[in-house]
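Input: a single structure, listed below in structure tokens.
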Amino acid sequence: MNRSTAWLSLKAAEGGIQLNTPLAADADRWAVALASLVDQWALRSAVQTMLLAMPKNQEGQPAQVVLICQLRPDFRQRCMPGYDSLALHQRLGHGQHTDEVWALEREIWVALLGSPQPFQFASLEALSSHIRVRRNTALAARKTALAFKTEAAERPPADWHYAEGPGFVLNPGRSLIKALIAATQPEATGQLYDFSCYRATEYVILLGIALEARDHNPALLLALQDLNEQHAVRSGQFHDVFLVEYGHMDTPLPARFHVPGDRLWFRNPDERSSNVTGYEGSWVIYMGGGLFSNFWQRDKPFTLESKAIEIYHWKDGVDTDAQGELQMNETVVQALVAQTQARSEARTQVLERMLRLRDPQGVYAQGGCLDTTREYPKSVSRDHCELVLPRP
């Protein structure tokens with residue numbers, strides 16, 4: 001490997017957006033089109049692109065040409081110092097009068113371009129589709145509100161019915177998109193429905209995917225509709241079918257790096273309170289603008305700090321019911337959160353304890369509430385759909 005190739009390999013390892021093709025002509029065409037795309041978001045002067053020719057690997061797979069697009073170092077240092085993407089909305093100059101959807105998509109672009117880990121796509125359309133799904137997911141999360149009953153499970157009966165085994169399945173002939181909106185957005189029905197934040201993140205992500213499929217991959221929407229009329233994809237299966245996890249315990253993502261549309265987990269580092277159903281941790285969607293979803297009080301979304309403080313005080317809200325079962329007293333938690341937020345020294349101490357990477361599974365030691373990974377949907381673009389839907 002010569003010096004130039006080694007330097008390019010090093011730059012590629014830094015992250016950003018990467019488009020892979022075996023055809024140099026495709027890479028050249030994509031470079032022109034990508035420049036036009038970033039120009040739409042007033043980012044042309046903020047990015048640098050390069051082409052990297054990769055030889056055949058040891059498995060004999062064909063040579064690849066990689067188009068790499070990243071933030072320029074000076075721009076990244078100004079807008080994402082230390083890979084901190086939580087203040088991008090302000091640093092990019094997105095004020096209250098900026099169009100919400102435009103600002104959100106621009107924030108997604110910048111976070112991807114400035115990522116410490118590469119986001120790889122098979123085509124420009126796959127990249128554009130990915131950004132639209134993230135946009136849809138973040139916007140849906142901003143609108144989602146649930147009733148606060150962590151052990152309950154209900155859905156709008158006009159759209160869903162429950163069956164042992166398959167779970168909540170779609171009633172025949174009901175629109176999947178409208179049913180997901182009805183279950184999560186109270187304006188649709190005038191009612192809040194009870195289910196967990198974990199299941200809610202699945203509905204929000206599925207809605208983000210379904211909206212993209214409706215507009216750009218109708219065959220996929222039909223397949224999703226048929227699947228949900230027979231079987232609910234949930235929990236571990238949902239992760240395997242729909243999501244990509246990035247970051248690792250050995251190579252954790254920077255604590256303040258988040259891309260709008262990411263799903264992530266905040267861990268409860270207190271062993272006793274983590275035994276209360278629904279309080280093992282908290283699943284949220286990063287909605288952009290430094291805010292994380294609060295499905296119980298959507299008008300009070302979390303910041304990284306406010307979420308950490310809430311989870312810290314779960315340990316103080318644990319109580320037992322008449323049957324001796326552990327339960328959470330949310331009134332106590334909310335009062336203590338307010339006290340901590342009002343006292344600068346206490347707030348600093350709590351955040352120092354909580355804003356650490358979490359301990360490994362099963363360990364409750366000195367780790368905090370921050371996970372090392374994030375999750376985002378697999379590609380659903382028509383020319384490169386990565387979903388393999390299960391048989392009902």
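For the pair region 328-365 and region 203-230, the centres of their Cα atoms are 38 angstrom apart. Three semi-axes describe the equivalent ellipsoid of region 172-277; taken as square roots of 5 times the Cα gyration tensor eigenvalues and ordered largest first, they are 28, 19, 14 Å. All Cα-Cα separations within region 67-149 were binned at 5 Å from zero, giving a P(r) of 3, 13, 21, 22, 20, 13, 5, 3, 1, 0, each value a whole percent of the pairs.
Taking amide H atoms as placed 1.01 Å from N in the peptide plane, the amide H of residue 117 lies under 5 Å from those of 16, each 5 or more residues away in sequence or on another chain. Across 18, 117, 327, mean-square fluctuation computed from a Gaussian network of the chain (C-alpha pairs under 10 Å connected) peaks at 327. Calculate the tail of P(r) for region 99-208: the fraction of all Cα-Cα distances greater than 21 Å, expressed in %. Value for region 99-208 (Cα pairs over 21 Å): 45 percent. Once semi-axes √(5λ) of the Cα gyration tensor in Å is calculated for the structure shown, the corresponding label among (1) 30, 28, 22; (2) 36, 27, 20; (3) 53, 24, 17 turns out to be (2). Close amide H partners of residue 229, meaning residues 5 or more places away or on another chain with modelled amide H under 5 Å apart, are 170. Have a look at 365, 200, 210 and tell me which one the Gaussian network model of the chain (Cα, springs below 10 Å) gives the largest fluctuation. Top of the fluctuation ranking is 365. The listed peptides 126-135, 41-50, ordered by packing as a protection proxy, come out as 126-135, 41-50 (highest mean of other Cβ atoms within 10 Å first).
Rounded to the nearest 500, what is the 222 nm mean residue ellipticity of the chain from helices alone, with -39500 (n - 2.57) per DSSP H run of 4+ residues and division by all residues?
Calculated from helices alone, the mean residue ellipticity at 222 nm is -12000 deg cm²/dmol.
Other residues with beta-carbon under 15 Å from the beta-carbon of residue 253 carry, at +1 per Lys or Arg and -1 per Asp or Glu, a net charge of -1.
Go through region 136-237 and name the chymotrypsin sites (Phe, Trp or Tyr not before Pro) that are in a DSSP coil and have 14 or fewer other Cβ atoms within 10 Å of their Cβ.
In loop regions of region 136-237 (DSSP not H, G, I, E or B), the sparsely surrounded chymotrypsin sites (Phe, Trp or Tyr not before Pro) are 148.
From the alpha carbon centroid of region 370-392 to that of region 276-301 is 22 Å. Do you know the relative contact order of region 258-372, to the nearest whole percent, from alpha carbon pairs under 8 angstrom that are 6+ apart? So the answer I get is 26 percent. Hey, with R₀ at 22 Å, roughly what FRET efficiency would residue 359 and residue 235 work out to, going by the Cβ-Cβ distance, to 0.05? According to the calculation, E is roughly 0.45.
Comparing 352, 164, 212 in a Gaussian network model of the chain where C-alpha atoms under 10 Å apart are linked, the largest mean-square fluctuation is found at 164.
Placing R0 at 51 angstrom, the Cβ-Cβ distance between residue 72 and residue 323 gives a FRET efficiency of 0.25 after rounding to 0.05. Across region 14-23, rounded Karplus estimates of 3J(HN,Hα) from the backbone phi angles (6.51 cos²θ - 1.76 cosθ + 1.60, θ = phi - 60°) give 6, x, x, 9, 10, 10, 10, 8, x, 10 Hz, Gly and Pro being marked x. By the gyration tensor of its Cα atoms, with a ≥ b ≥ c the square roots of the eigenvalues, what is the shape of region 258-372: rounded for a/c under 1.5, prolate for a/b over b/c, or oblate? In terms of gyration-tensor shape, rounded. If R0 equals 22 Å, the separation of the Cβ atoms of residue 20 and residue 243 corresponds to a calculated FRET efficiency of about 0.60.
Each reported figure results from applying straightforward, stated rules to the coordinates on display, with no laboratory input. Predicted, not measured: the structure shown is a model, and the values here were computed from it. Because the Cβ atoms are built from the backbone with ideal geometry, glycine has one as well, and the counts that use them run over all protein chains shown.
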